[in-house]
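Peer 1: Dropping the structure in here first, questions after.
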Amino acid sequence: MNQTNTTLSKFPVHSGLAISLIFFLCWASLHTVHGSKPDRYQLVQDWLINPDYFRATVTIHPDGRSIVLDNGLIRRTLHRGTWSGTAEFYSHMTQEHLLRAVEPEAILTIDGVIHTIGGIKSQTNRAYLLPESFEDFQSPESAWILSSAEVVPTVERFPWKKTRHTAPVVHWPPMGSGLKTIWTSPDPAHKHIRVEVRYEIYDGIPSLMKWVVLHNDGDSPINLDHIIVEKLSVVPYEDLVEFRNIPLTPPQSIHVETDYAFQGMSYKNSAHHSVHWIPDPTFSTQVNYLMQTPCLLEVRPKRGPDQTLPPQSSWTSFRVFELAQDSTDRERRGLAHRQFYRRMAPWVTENPLILHVVSVDQNTVHRAIDQAAECGFEMVSLSFGSGLNMEDDSPENLEKFKAFSDYALQKGIHLGGYSLLSSRRIGNGQDVVSPPGESPTHGNCPALTSGWGQNYFSKLNEFFDRTGFLQFTHDGSYPGDWDVTSRPPWQKGLNDSQWVQWEIITGFYQKLRATGAYIRVPDYYYLSGANECAMGYREVNWSLPRAEQVLHTRQNIFDGTWQKTPSMGWMFVPLTQYHGGGAAATIRAPVRTFGPITKKCWLPTCCSACRPSIVVSASMILHKPGIWSREWSISTNPTAIYLRVT
């Protein structure tokens, strides 16, 4: 939270007692959260404390009948014989089998024909799996065959250039082992098509990743109408007799999300585009009379992707991430989720201290850069209202901001700025046209595949290439809006509109990631390269009296850090009036310069906030503040115990 006013307050007690209390709270937190394993946890080593104990391996057994991905925390086994597919998903942590039935490894609809990748004909009882039944299962005649398997290293999803401090030990790509499988059709008419299913399992975390690559090796184009990247029949969390339109809880043994995520500042909102827990009508022995128990996982886009593959080309799906849970405790599940982001998107551990400037006047910008360098900031952002226009591709504009960037780099400062995408209306047929019954998320949204949209990204690419900016705040990013309009050559219409626009926006972010830029997006693009999203707040609360603002901010931080590490979300305390409120809502007269007194007060705070990135990139154990209670937060990183009490 690189804009939060972070200080260490003191209890009104004797200093010796205060020190004792600090050490007691640190010990108590680490003992309670880390030292005590969950009741159902069956391993000697706790992976949250000692992840290095667990190493990932992929083993293709000599007889070729099974392939095992295992890291001591989870195990996924692929059977290969009279049928092929996932036979087991096992948690070493709880000694539980997570699956109750066999499903295909993927399902693709190509040129109107459904193709199942592996799987079995039928399973009499879909409530459980018995290994002795495996030899009795048969593959459907049309199911694709596992023709080859190869152990491979983990791979980068895209390049990440490290240009600033991160958590002490991060790896890109994540350390672990991978599996590449090739599936072919039993029908000679489809011999020119190959389906590649990829898996990665990682060291030190009960997580794996899966994706699909479709290859067209023929001389004619093919069309991928639809795809299910992952399908799992999971043991239910609950199996209630009635369904009275009260939502039933899906399985809690596994957390699933994808990088096909948008339209939300939490994974619960952003994941609904691709992660679907649905009833399984073939699970005939379930207790629920209407068979509405949501225990069948399908990971797929809601429509499309409707992608045409030219001859001798390939198409790659989004990535599916699966994290096995070892507890029902909210804090421990949150710790696991935060560790997942540090592994799968390690750039979120970057935590530069940013000074925002609302001017593009040369003297003002230079003075801000000088003050930022002198007072320990690492970045200056030309914020909303500054007058920065990245869409102005005139030589004069590009030269002006390149000069600003060069000046900042001489001072050891990274310069960046703001641009608005969604929520603006362009007109003249350049905006998305929603299908009947739907509307744009933000009221308006330019179509990224329109002429305006292509021109917008062309100008932004040129701006960053020419100026050397290393920070980007992208307000109102693409929120997943569908568009019924045909926009050749990019977009056919409704069914491919979300996929194509997602590829455009994530491709842009990943290009910035490769340059080392710091990317702030008020949407859930972490797994696609973004560093930061809003922690969560209501802007009009800044019109409340200052003391109430601070209390609400800290409560928001508590609520926002169940899934986010502190460095993944921004929060701010405005120095000047924001959304009204008058003098009571204003912290002090505007600070125009950092004089000697301001520096004396600021530097210790700045240094304590930005130097221990080990703290802000780690998970925090928080106590939610209220009117009658103290607030405290403790870093869970045992190498940098940090306590903050107010």
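Peer 1: Taking the stretch 208-250 on its own, how many of its residues are within 25 Å of the chain's Cα centre (by Cα) and in a strand (DSSP E or B)?
Peer 2: Summing the residues that are within 25 Å of the chain's Cα centre (by Cα) and in a strand (DSSP E or B) in the stretch 208-250 gives 15.
Peer 1: Same structure, new question: Could you identify the single residue in Gly412, Gly387, Gly451 that is open to solvent by 20 Å² or more (accessible area, probe 1.4 Å) and either hydrophobic (A, V, I, L, M, F, W, C) or closer than 19 Å to Gly507 by Cα (or both)?
Peer 2: After applying the criteria, what remains is Gly451.
Peer 1: Using the structure shown, decide if Pro153 is in contact (Cβ under 8 Å) with a residue 24 or more places away in the chain and either open to solvent by 40 Å² or more (accessible area, probe 1.4 Å) or within 30 Å of Thr285 (Cα to Cα) (or both).
Peer 2: So Pro153 passes the test.
Peer 1: Among the listed residues Leu353, Leu309, Leu335, Leu323, which satisfies the condition of being more than 21 Å from the chain's Cα centre (by Cα) and closer than 23 Å to Pro566 by Cα?
Peer 2: The conditions single out Leu353.
Peer 1: So in the stretch 156-197, with the set limited to residues that are assigned to a loop (DSSP other than H, G, I, E, B) and open to solvent by less than 20 Å² (accessible area, probe 1.4 Å), which one is farthest from Gly412 (Cα to Cα)?
Peer 2: If we take residues in the stretch 156-197 being assigned to a loop (DSSP other than H, G, I, E, B) and open to solvent by less than 20 Å² (accessible area, probe 1.4 Å), then Pro174 is farthest from Gly412 (Cα to Cα).
Peer 1: Determine which member of the set Thr124, Thr82, Thr94, Thr109 is in a strand (DSSP E or B) and either touching a Lys or Arg at 6+ places or on another chain (Cβ under 9 Å) or of a type outside the set (A, V, I, L, M, F, W, C) (or both). Step through it out loud before you land on a result.
Peer 2: On the way: Thr124 fails: in a strand (DSSP E or B); Thr82 fails: in a strand (DSSP E or B); Thr94 fails: in a strand (DSSP E or B).
Result: Thr109 is the single residue among Thr124, Thr82, Thr94, Thr109 that is in a strand (DSSP E or B) and either touching a Lys or Arg at 6+ places or on another chain (Cβ under 9 Å) or of a type outside the set (A, V, I, L, M, F, W, C) (or both).
Peer 1: I'd like the residue in the stretch 127-143 that is under 29 Å from Asp187 (Cα atoms) and part of a loop (DSSP other than H, G, I, E, B) and, out of all such residues, is most open to solvent (accessible area, probe 1.4 Å).
Peer 2: It comes out as Glu141.
Peer 1: Looking at Asn428 and the list (1) open to solvent by less than 10 Å² (accessible area, probe 1.4 Å); (2) of a type outside the set (Lys, Arg); (3) out of contact with any Asp or Glu (no Cβ under 8 Å at 6 or more places or on another chain); (4) farther than 26 Å from Asn397 by Cα, which single condition is not satisfied?
Peer 2: Failing condition for Asn428: (1).
Peer 1: In the stretch 79-90, what count of residues is obtained for those that are surrounded by fewer than 21 Cβ atoms within 10 Å (Cβ to Cβ) and under 28 Å from the mean Cα position of the chain (by Cα)?
Peer 2: 2
Peer 1: Follow-up. Out of all the residues in the stretch 213-227, which are crowded, with 21+ Cβ neighbours inside 10 Å and out of contact with any His (no Cβ under 9 Å at 6 or more places or on another chain)?
Peer 2: Within the stretch 213-227, Leu214, Leu224, Ile227 meet the criteria.
Peer 1: Just checking, which of Ser405, Ser386 is touching a residue at least 24 places away in the same chain (Cβ under 8 Å) and within 23 Å of Tyr578 (Cα to Cα)?
Peer 2: Within the list Ser405, Ser386, the selection yields Ser386.
Peer 1: Also, I was wondering about something else. Name every residue in the stretch 251-277 that is surrounded by fewer than 17 Cβ atoms within 10 Å (Cβ to Cβ) and outside any loop (DSSP other than H, G, I, E, B), in order of residue number.
Peer 2: Listed by number, the residues that qualify are Lys268, Asn269, His272.
Peer 1: If I ask for residues that are within 20 Å of Phe321 (Cβ to Cβ) and either in a loop (DSSP other than H, G, I, E, B) or open to solvent by 60 Å² or more (accessible area, probe 1.4 Å) (or both), which ones from the stretch 50-78 would you list?
Peer 2: Passing the criteria: Phe54, Arg55, Ala56, Thr57, Asn71, Gly72, Leu73.
The values are calculated or read from the model by the stated rules, or taken from the named source; none is laboratory data. Keep in mind that this is a model prediction, so the values were computed, not measured. Quick reminder, even Gly has a Cβ in these numbers, built from the backbone with ideal geometry, and neighbours come from all protein chains shown. Keep in mind that these areas ignore ligands, DNA and RNA; they rest on the heavy atoms of the full protein, side chains included. Shrake-Rupley method; radii C 1.70, N 1.55, O 1.52, S 1.80 Å.
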